[in-house]
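Each remark here refers to the structure printed beneath this line.
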Amino acid sequence: MSDPIVVTGIGAVCPLGTGGRAVWRAFAAGESGIRALEATDERLERGVDVTPPAEVGRAGWVRGFRPREHIVSPQLRRMDWCSRMLVAAVRQAFDDAVTLPLSEPLSLRTALVVGSCFGNQRETAVYLQRVFAAGPGAGQPLLFPNLVLNAAAGYAAIELDLQGPNVCVAEHEASGEAALATAVDLLSTGACDVVCAAGVDEIGSLQLDALADLRLLHPDALPAERGARARRAHRGQRGAIIPGEGAAALVLERASHARARGVASYASIAAARIGAIAAPPYGFARDAAAAADRLLALAETPGPAISGVVGGANGLAARDALDRAVLHRLTGAGAATLGYVAFRRLVGDWGAAGALGAVLAAMALDARVLPGQDDGTGNAISPAVHDPQRLLLVGAARGGVLVPVVFDRTTGPSRCSSTASTSSSSC
Amino acid sequence: MPENRSTRPRVVVTGIGAITAAGPTVAALRAALHGEATCIGPLTLFDTEGLKVHIAGEVRELPPAGLLPRAARVRASRSDRFALVALEEALRGSGLRLPFTDPARVGVAVGSSTGGMLETEAYYQRRLTRRPAGASRTCLAAATVAAPAGLVAAAIGALGPRLSPSTACSSGAIALAMAASWIRSGAADVVVAGGSDALTRMTFTGFHALQAMSSEPCRPFDLQRRGLSLGEGAGILVLEAEEHAHRRGATVLAEFAGAGLSCDASHPTAPHAEARGAVHALQRALHDAGADSHEIDYVNAHGTGTVHNDASETFALKRVLGEAAGRVAISSTKSLIGHLLGAAGAVEAIATVIAINDRYAPPTLHLRERDPACDLDYVPNRGRPLEIRSALSNSYGFGGNNCSLVLRRA
C-alpha cells in the first residue's frame with residue numbers, strides 16, 4: 001500500500017493500569033491485572049459502581065483510574081462507568097496523536113468507531129431492578145439514555161467534538177477487532193481523515209449471573225463459597241472465563257496525513273477484515289483448523305512474515321482451540337521464532353478487549369519487542385520475539401465471526417523516543 | 001485511497017422484506033402506506049399499568065420462519081425471529097437461491113438497539129425474585145445486539161463480512177451504509193442488510209420516563225404533537241453490486257446511491273440547536289450519491305413526533321435543500337407503524353423504495369394543524385401520486401447520531 005493506514009495515538013483504561021504507556025510497562029513486565037476487589041478500591045467510587053465485592057471473586061477490574069483526571073466535559077456526572085472508561089481512553093488516544101484541540105475542519109472529518117458487547121450493564125441492572133420492583137412507572141429518565149450501546153460513543157464525541165461518523169458495533173468477543181475493521185473501512189472509503197477505533201465493556205452483575213448460570217465462569221471469578229462449590233462440581237463446568245473490563249482506543253489515519261501533521265506512528269495496519277466460517281447459531285465454529293485457515297486467508301496481505309500472534313484465548317475451549325490452530329498453521333509454515341501472547345489471561349475477558357490487544361500489538365512493534373508469556377507459574381508458554389516485523393491480532397467470536405488484524409512495523413522513529421508526543425509517560 | 005465515485009461499483013436494491021405492525025410482509029406495509037389508518041394500537045406484549053401510554057406499533061402476527069436453524073428454535077429472541085421473517089421475504093424477492101455459490105462474497109449487516117433485551121428482562125426478573133432461571137436461561141445466548149445478524153448469517157450460510165451496528169434509532173440505516181461500503185470496496189457482491197428490534201419494557205418505560213411518548217398515535221410535525229409512538233419489527237434489504245445483479249438477471253428495485261453519517265457532538269439525547277449533525281449527514285449523503293438537491297423529490301423523515309426532532313429536522317432540510325425544500329414531499333411513516341428504533345432506518349428505507357416504485361408519496365397521519373416551525377409539505381393524512389427520481393431517508397439516534405441515505409430510481 002503506497003499510503004498505509006497508521007496508528008498515531010493510543011489510550012487505555014484497563015486492569016493493567018491507565019494510559020497506554022503504563023499499560024505497556026505492566027504488560028511487558030508480565031504483570032497480571034486479575035485481582036479481587038477491595039473495599040477501598042477506586043473502582044467502587046461512589047455513584048459509579050455498586051457491584052458489591054462480596055458477590056464477585058477475582059476478575060480483571062480496572063485499576064488506577066480516576067475519571068476526573070481525564071474527562072473535562074460537564075457531562076461527566078451523567079456518565080456511567082463504561083462511558084467514563086471509554087471517554088478517558090479516547091481522550092488519551094487523541095492527546096497522544098497530538099490532535100487536540102481538534103480544529104473545526106478536522107473535527108468534521110474525524111470519526112469514532114466503538115466496539116462493545118454489552119455496554120452499560122450496571123445501570124441496566126439498576127434500571128430494570130427498579131422497574132420490576134416498583135412498576136413500569138419507575139423508569140429513571142436520567143439512566144435511560146445511558147442504556148443504549150452507543151451512549152459511551154456519544155459522550156466521547158461530546159467530550160472531544162468529534163463530528164464525523166459515529167458508529168458503535170457489537171460482535172460478541174470480537175467487538176474490538178470489528179471496530180478496528182470498520183474504522184479502516186471508513187478511512188479507506190474517504191468518509192473521514194482521522195478515525196478513532198475503540199472498544200469498551202464493563203463487568204456487571206447481569207453478565208456475571210448469566211455466565212455463572214451457563215457454567216462458563218472460572219470458579220475463581222465466583223465468591224469464595226460459590227467458587228468452592230463450583231470446583232467440587234467441576235463436571236458441570238463448560239468454560240473457565242475470568243471476566244474483565246476496560247477501554248482501549250487507537251487513532252488511525254493515512255501515513256501521508258500523519259506526516260503532514262509531523263506525527264510519528266506506532267505501527268501500520270496492513271489488513272483488518274471481517275469474515276466468517278460456518279458455525280452453530282450463537283456458538284463458536286467447531287472445526288478450529290478450518291477456522292484458522294479461513295482467518296489466515298482473510299489476513300493474507302503482501303509484506304513480511306508474521307513474527308508473532310496476539311491471541312484471543314479466553315478460557316472457552318472452542319476459542320482457545322482457534323489460537324492453537326492458528327499457531328500450528330503458522331509454525332507449520334516455518335516461522336520458527338513465532339511469538340504468542342494471550343493477553344486476556346492478564347486482563348480478563350470482555351467483548352471489546354480486542355481493542356486492547358490492538359494497542360499492545362502496535363506498542364510491541366514500536367518497542368521492537370513482543371514480550372514472552374508464562375503460564376502464571378513461571379513456565380514459559382512462548383518466548384519473547386525481538387524486532388518483530390508483523391503481528392497478527394486474532395479476533396473471533398461466536399457465530400463464526402473472524403476478524404484478523406495485521407499490524408506492520410513502520411520505518412519512522414519509534415514513538416517511545418519521539419518528541420512529538422505530548423503524552424506524559426514514556427515507554 | 002478514497003473511492004472514486006465514477007469508477008466504484010453501483011449498489012442496487014434487489015430484495016426487500018419487512019415485518020411491522022402492519023403485518024409480516026412488504027405487501028402489508030405497502031397497503032398501510034397507501035391507506036389512511038394507523039397500525040398503532042393497544043400494547044399487549046407486557047404490562048403498562050401505571051403509565052400514561054398504553055399503545056404501540058406492536059407486531060400482531062409473527063409467522064414461523066422456515067429459515068430458523070433447528071439449534072436456534074428455543075433460543076431465538078423476538079428480534080431474531082423478526083429478522084428471519086423479513087430475511088425470507090427479501091431473499092425470495094431478490095431471486096437469490098440457497099445455498100450461495102460463493103458464500104464468502106455474501107455479507108450480513110443487521111443493526112439492533114436492544115437485540116434480545118425482551119428475553120433478558122424475563123431472565124433478570126426471575127433472578128430478582130430468586131426463582132429458577134429455567135427456560136429464560138436458554139435465551140441468554142441471543143441476548144446481545146449482535147444476535148440478529150449472527151442468526152441471519154447462520155440461516156443463509158453467509159461467510160462474508162458481518163457487522164451489527166448499534167447506534168440506537170439509526171442502527172438500521174447505518175447497517176445499510178456499511179453494507180454499501182463493502183460492496184463498493186469489493187469486499188462483497190451481495191449484502192443482506194437492515195435492522196430488527198422488538199418492543200421491550202426497558203425502552204417503553206424509558207421513553208415514557210423521558211416524557212417523550214404520546215398517549216395517542218404520534219402526530220409528527222403537528223402543532224399539538226406530544227411525542228413518539230414506539231413500534232417493533234424488522235426490515236431487510238438485499239443490496240448487490242449492480243453488475244452482479246445484472247449478471248443473474250435480477251429485478252432492480254432502486255439504486256442505493258449514497259449515505260452520510262455524522263454526530264452532533266452536543267447532547268446525549270437532544271438534537272443540536274442548529275441541527276448541525278443532521279445538516280452534515282444530509283450534505284454528506286448527497287455528496288456521496290453525487291446528487292443535487294434539485295434531484296430530491298421525496299424525503300422519508302425521521303419525524304418522531306417529538307417537539308425538538310421535528311423542528312430540527314425541518315430546519316436541516318431547509319438548510320441543505322435550499323429553495324428545493326419547499327417543493328419536496330416529506331412524510332413520517334412513523335405515524336403509520338410507530339418508531340421501530342434499531343429497525344426504523346431499514347424499514348423506512350424500504351418504505352422509500354416502495355414510494356419510488358409506486359410513484360407515490362405516503363402520508364403523514366394525524367397532521368391536523370401544522371407547527372409554524374415545521375413549514376414544509378409533509379403530505380398530510382393522505383398520500384398522493386408523485387414521480388420520484390431520488391429520495392432521502394433520515395435516521396437520528398441517541399448520542400447525537402445521524403445517518404441520511406439517498407435512494408434513486410433504478
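The values are calculated or read from the model by the stated rules, or taken from the named source; none is laboratory data. Predicted model only: the values in this text are computed from it and were never measured. Quick reminder, even Gly has a Cβ in these numbers, built from the backbone with ideal geometry, and neighbours come from all protein chains shown. Keep in mind that these areas ignore ligands, DNA and RNA; they rest on the heavy atoms of the full protein, side chains included. Shrake-Rupley method; radii C 1.70, N 1.55, O 1.52, S 1.80 Å.
Could you tell me whether any residue of segment B:103-112 is surrounded by fewer than 22 Cβ atoms within 10 Å (Cβ to Cβ), touching a strand residue (DSSP E or B) at 6+ places or on another chain (Cβ under 8 Å) and more than 8 Å from chain A (Cβ to nearest Cβ)?
Keep residues of segment B:103-112 that are surrounded by fewer than 22 Cβ atoms within 10 Å (Cβ to Cβ), which gives B:103-105.
Still in the list and also touching a strand residue (DSSP E or B) at 6+ places or on another chain (Cβ under 8 Å): B:104-105.
Remaining after also requiring more than 8 Å from chain A (Cβ to nearest Cβ): B:105.
Yes, because at least one residue in segment B:103-112 is surrounded by fewer than 22 Cβ atoms within 10 Å (Cβ to Cβ), touching a strand residue (DSSP E or B) at 6+ places or on another chain (Cβ under 8 Å) and more than 8 Å from chain A (Cβ to nearest Cβ).
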Sole miss for B:Arg8 among (1) crowded, with 24+ Cβ neighbours inside 10 Å; (2) under 14 Å from B:Gly258 (Cα atoms) is condition (1)
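For B:Glu387, state whether it is at negative phi and open to solvent by 40 Å² or more (accessible area, probe 1.4 Å). Spell out how you get there, then give the answer.
Numbers: at negative phi: yes; open to solvent by 40 Å² or more (accessible area, probe 1.4 Å): yes.
Yes, satisfied.
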Residues in segment B:128-138: is at least one charged (D, E, K, R) and at the interface with another protein chain (Cβ under 10 Å from one of its Cβ atoms)?
yes
Is there a residue being modelled with pLDDT under 90 and closer than 30 Å to A:Arg259 by Cα anywhere in segment A:106-120? no
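Residue-wise test of (1) under 16 Å from A:Pro388 (Cα atoms); (2) away from every other protein chain (no Cβ under 12 Å).
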{"position": "A:Ala271", "(1), (2)": "no, no"}
{"position": "A:Gly275", "(1), (2)": "no, no"}
{"position": "A:Gly283", "(1), (2)": "no, no"}
{"position": "A:Arg286", "(1), (2)": "no, no"}
{"position": "A:Leu298", "(1), (2)": "no, no"}
{"position": "A:Thr301", "(1), (2)": "no, yes"}
{"position": "A:Pro304", "(1), (2)": "yes, yes"}
{"position": "A:Ser307", "(1), (2)": "yes, yes"}
Scanning segment B:22-47 residue by residue, those within 19 Å of B:Met213 (Cα to Cα) and in a loop (DSSP other than H, G, I, E, B) turn out to be B:Thr38, B:Cys39, B:Ile40, B:Leu43, B:Thr44, B:Leu45, B:Phe46, B:Asp47
Pairs returned, first residue in segment B:85-109 that is modelled with pLDDT under 95, second residue that is buried (at least 18 other Cβ atoms within 10 Å of the Cβ), beta-carbon separation under 7 angstrom, 6 or more apart or interchain, are none
Within segment B:159-177, residues outside any strand (DSSP E or B) and within 7 Å of chain A (Cβ to nearest Cβ) come out as B:Leu159, B:Gly160, B:Pro161, B:Ser164, B:Ser166, B:Thr167, B:Ala168, B:Ile174
In segment B:165-198, residues that are touching an Asp or Glu at 6+ places or on another chain (Cβ under 6 Å) and small (Gly, Ala, Ser) total 2
Note on B:Val152: of the conditions (1) more than 9 Å from chain A (Cβ to nearest Cβ); (2) crowded, with 24+ Cβ neighbours inside 10 Å; (3) closer than 23 Å to A:Ser188 by Cβ, unmet is (3)
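Among the residues in segment A:352-370, are any within 14 Å of chain B (Cβ to nearest Cβ), crowded, with 24+ Cβ neighbours inside 10 Å, modelled with pLDDT of 95 or more and part of a loop (DSSP other than H, G, I, E, B)?
Pass one, segment A:352-370, residues within 14 Å of chain B (Cβ to nearest Cβ): A:352, A:354.
Narrowing further to those that are crowded, with 24+ Cβ neighbours inside 10 Å: A:352, A:354.
From the residues that got through so far, the ones that are modelled with pLDDT of 95 or more too are A:352, A:354.
With part of a loop (DSSP other than H, G, I, E, B) added as a condition, the list becomes A:352.
Checking segment A:352-370: at least one residue is within 14 Å of chain B (Cβ to nearest Cβ), crowded, with 24+ Cβ neighbours inside 10 Å, modelled with pLDDT of 95 or more and part of a loop (DSSP other than H, G, I, E, B).
Given the residues B:Thr200, B:Thr205, B:Thr251, which is the only one that is at pLDDT 95 or above and open to solvent by 10 Å² or more (accessible area, probe 1.4 Å)? Give the derivation first.
Details: B:Thr200 fails: open to solvent by 10 Å² or more (accessible area, probe 1.4 Å); B:Thr205 fails: open to solvent by 10 Å² or more (accessible area, probe 1.4 Å).
Step by step, each of B:Thr200, B:Thr205, B:Thr251 is checked, and only B:Thr251 is at pLDDT 95 or above and open to solvent by 10 Å² or more (accessible area, probe 1.4 Å).
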(1) open to solvent by 10 Å² or more (accessible area, probe 1.4 Å); (2) closer than 21 Å to B:Ala351 by Cα all hold for B:Ser170 apart from (1)
Matching residues in segment A:301-343 (open to solvent by less than 30 Å² (accessible area, probe 1.4 Å), in a helix (DSSP H, G or I) and touching an Asp or Glu at 6+ places or on another chain (Cβ under 9 Å)) number 2
Discussion item. Considering only segment B:267-278, I want to know if a residue exists there that is on the phi < 0 side of the Ramachandran plot, among the hydroxyl-bearing types (Ser, Thr, Tyr), away from chain A (no Cβ under 14 Å) and surrounded by fewer than 22 Cβ atoms within 10 Å (Cβ to Cβ).
Written reply: no
Of the residues in segment A:76-129, those that are over 30 Å from A:Ala264 (Cβ atoms) and among the acidic types (Asp, Glu) number 2
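Taking only segment A:1-16 into account, find how many residues are within 14 Å of another protein chain (Cβ to nearest Cβ) and not in a loop (DSSP other than H, G, I, E, B).
Within segment A:1-16, the subset within 14 Å of another protein chain (Cβ to nearest Cβ) is A:1-5.
Now narrow it down to the ones that are not in a loop (DSSP other than H, G, I, E, B): A:5.
Looking only at that region, the number is 1.
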Reported set for segment B:58-77 where residues are of a type in the set (D, E, K, R) and touching a strand residue (DSSP E or B) at 6+ places or on another chain (Cβ under 9 Å) is B:Glu58, B:Arg60, B:Glu61
The correct count of residues that are buried (at least 24 other Cβ atoms within 10 Å of the Cβ) and in contact with a Ser or Thr (Cβ under 6 Å, 6 or more places away or on another chain) in segment A:96-144 is 7
Task: Test result for B:Ala155, outside any loop (DSSP other than H, G, I, E, B) and in contact (Cβ under 8 Å) with a residue 60 or more places away in the chain - done: yes
Among residues of segment A:263-290 being modelled with pLDDT under 95 and not aliphatic (A, V, I, L, M), the residue most open to solvent (accessible area, probe 1.4 Å) is A:Arg286
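When you check A:Gly64 against the structure, is it surrounded by fewer than 23 Cβ atoms within 10 Å (Cβ to Cβ) and either in contact with a helix residue (DSSP H, G or I) (Cβ under 9 Å, 6 or more places away or on another chain) or of a type in the set (S, T, N, Q) (or both), yes or no? Break it down into steps so the answer makes sense when it comes.
Details: surrounded by fewer than 23 Cβ atoms within 10 Å (Cβ to Cβ): yes; either in contact with a helix residue (DSSP H, G or I) (Cβ under 9 Å, 6 or more places away or on another chain) or of a type in the set (S, T, N, Q) (or both): yes.
Yes; evaluated as a whole, the condition is true for this residue.
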